[in-house]
Amino acid sequence: MTGQKFSFIVSGNGKQRLDKFLVDALPDLSRARIQALIKDGFAQVNGQEVTKAGYRLDGGEEISLRLPLPEETTLIAEEIPLDIIFENEDLMLVNKPAGMVVHPSAGHASGTLVHAALAHAPQMEGVGGVHRPGVVHRLDKNTSGLILLAKNDRAHQWLQRQFKDRKVVKIYDALVDGRPPTPKGRVEAPIGRDPSHRQKMAVVPLAKGREANSEYFTEKQYLHHTLLKVHLLTGRTHQIRVHMAFLKTPIVGDTLYGHRHPSLPVKRQFLHAGHLEICLPGDEELSSFDAPLPADLASVLDGLE
C-alpha cells in the first residue's frame, strides 16, 4: 500500500534544486522531511527515481513525490493529569512535574508526558514522528517547568524553527552551592560527551563538542547558596547543570554533576524552567508564560530564610 502522492510541473527555465522546489510546492512539509523522502526514493523526475536532494531542475520537468503510510505506533494514551498553562488548536504548554520523563525511552515505556498528552489531545499522534509525537524540546526527568507540545505538523515546524533560530527565551530558576565568580555573567563553554563517563556531558574543546552559551543573574544571595536566573542561549543536553558545575557552583541536589550528598534536603536537582517567551503560530509578537516554583523547591528556599 502507498500513501498520498503529489505531482507538479516545473515552470520557468531557471535552474533550482529539487528539494527547494518541493519545499515551495509543499509548505506543510519541512525541508528536512522532504530531503529524507528524496533520499529514501519517494521522489521522481520525469518518471525516474531521484535520490539526491540537490538534483538540478531546468524547467518543464514533471515531479512527483509520494508520502509513505505512517508507521504504526505502539504508544497508548494514558489518563495522567497535566498542569496545562496554555492551550489552543496548535499547541499545549505544560508545567511538567519533576520525575516525569518527556517521551518513551529505554526503561520508560509508559507514564511519560507524551502518553499523558495523547490522552488529552489524540490528534497529536504522529506529529513530528510516531515515537515522540508533539515533542519540540525536552526537559530532564528531574527538572520541572514549562515544555511545549505541538498538536499538528504545521505548528511543530513553526515552533522547531524558532528554537533552531534561537528566538525562544527560556529562563530557569537554579539554586547553586556557593556563589558564582560574579553576580551576573555569561558562560561560553562548548559541551560534548564526557570521554571518561559516557552517561555525562562535559565542557570540551569546540572540535569535540558543540557551542553552548548561558547567561546567569543573581536573584538572591544566601549564606552558602545563590539563587540564580539562568537564560539558555543554546539548548545542549544538561547545559545548565554542566555550566554551573564548570563555574564550581553546582546545582543543589545534582548528584551527577555536583556533590554526591546534597547540601540541602532536596530529592532532585533544584532546577525549574519557570519562564518562556515564544511567538505562537501565526503571531509576530512574543507571548510570555510563567510557571511558579513547585512546592518542593519553594520549601527549600523557605528553609534558607
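With a cut-off of 8 Å between alpha carbons and a minimum separation of six or more residues, what is the relative contact order of the chain in percent?
Values: 623 pairs, mean separation 40.7, N = 305.
Relative contact order, the chain: 13 percent.
Amide H to amide H, with H built 1.01 Å from N, A189 comes under 5 Å of A212, S214, counting only residues 5 or more places away or on other chains.
Note on the range 150-171 and the range 2-51: Cα centroid distance 24 Å, given to the nearest whole angstrom. Other residues within the sphere of radius under 13 Å centred on the Cβ of L301, judged by their own Cβ, net out at -4 (K and R +1, D and E -1).
Stokes-Einstein diffusion of the range 84-164 at 25 °C, 0.890 mPa s viscosity, Kirkwood radius from Cα pairs, rounded to a whole number: 196 µm²/s.
Peptides 162-170, 130-138 ordered by packing proxy, namely the average of other Cβ atoms within 10 Å per residue, highest first: 130-138, 162-170. Computed over the range 36-135, the percent of Cα pairs more than 24 Å apart is 43. Ranking M92, H224, A117 by how far each Cα lies toward the positive end of the dipole of the chain (charges on Cβ) leaves H224 at the top. A simple count of charges around V204, restricted to other residues whose Cβ falls under 10 Å of its Cβ and scoring Lys, Arg +1 and Asp, Glu -1, yields +2. Rg over Rh for the range 27-89 works out to 1.22, both radii taken from alpha-carbon positions and Rh defined as the Kirkwood radius.
Normalised Debye scattering of the range 169-304 at q = 0.18, 0.20, 0.22 Å⁻¹ gives log10 I(q)/I(0) of -1.02, -1.20, -1.35, counting only Cα atoms as equal scatterers and leaving out solvent. Backbone geometry of the range 295-305 corresponds, through the Karplus equation with coefficients 6.51, -1.76 and 1.60 at θ = phi - 60°, to 3J(HN,Hα) couplings of 4, 5, 7, 4, 5, 5, 5, 4, x, 8, 5 Hz, x marking Gly and Pro. For the pair the range 241-300 and the range 93-112, the centres of their Cα atoms are 17 angstrom apart.
Based solely on its DSSP helices, what 222 nm [θ] is calculated for the chain when runs of n ≥ 4 H residues each add -39,500 (n - 2.57) and the sum is averaged over all residues, nearest 500 deg cm²/dmol? The helix-only estimate for the chain comes to -5000 deg cm²/dmol at 222 nm. Close amide-amide hydrogen proximity is noted between Y222 and L227, each under 5 Å apart and 5 or more residues distant or on a separate chain (H modeled in the peptide plane; Pro and chain starts excluded). Couplings 3J(HN,Hα) of the range 267-272, computed from phi: 9, 7, 5, 7, 8, 9 Hz, in residue order, whole Hz [Karplus 6.51 cos²θ - 1.76 cosθ + 1.60, θ = phi - 60°; x for Gly and Pro].
Going by average Cβ neighbours within 10 Å, how do the peptides 4-11, 239-246, 254-261 rank, with the highest at the top?
On the way: 4-11: 12.0, 239-246: 24.2, 254-261: 15.4.
Result, highest mean first: 239-246, 254-261, 4-11.
Note that the range 46-59 has calculated 3J(HN,Hα) couplings of 6, x, 10, 5, 10, 10, 9, 4, x, 3, 8, 9, 9, x Hz, one per residue in order, obtained from phi through the Karplus relation 6.51 cos²θ - 1.76 cosθ + 1.60 (θ = phi - 60°); glycine and proline are x.
How big is the dipole moment of the chain about its Cα centre under a simple scheme where the beta carbon of each Lys and Arg is +1, that of each Asp and Glu is -1, and everything else is neutral? Debye, nearest 20, please. Please report the intermediate quantities before stating the final value.
Details: 37 positive and 36 negative charges, 291 e Å.
So the dipole magnitude of the chain works out to roughly 1400 debye.
For the range 5-66, what's the relative contact order in percent, using C-alpha pairs closer than 8 Å and at least 6 residues apart? Once divided by the residue count of the range 5-66, the mean separation gives 51 percent. Look at the dipole of the range 5-66 built from charges on Cβ: of P27, G54, A43, the Cα furthest out on the positive end belongs to G54. Packing-based ranking of 29-37, 147-155 yields 147-155, 29-37, ordered from highest to lowest mean Cβ neighbour count within 10 Å. Remark on G178: its backbone amide H falls under 5 Å from those of H225, T226, a criterion applied only to residues 5 or more positions apart or on other chains, H modelled at 1.01 Å from N. By the rule of a C-alpha distance below 23 Å, with chain neighbours fewer than 8 residues away ignored, the lysines paired with K5 are K20, K39, K52.
Placing +1 on the Cβ of every Lys and Arg and -1 on the Cβ of every Asp and Glu, with nothing else charged, gives the range 84-164 a dipole about its Cα centre of roughly 260 debye.
Read the figures in this text as sums done on the coordinates, not as results from a lab. Please read all numbers here as calculations on a predicted model, not as lab measurements. A quick note on method: Cβ atoms are made from the backbone with ideal geometry, for glycine too, and the neighbour counts reach across all protein chains shown.
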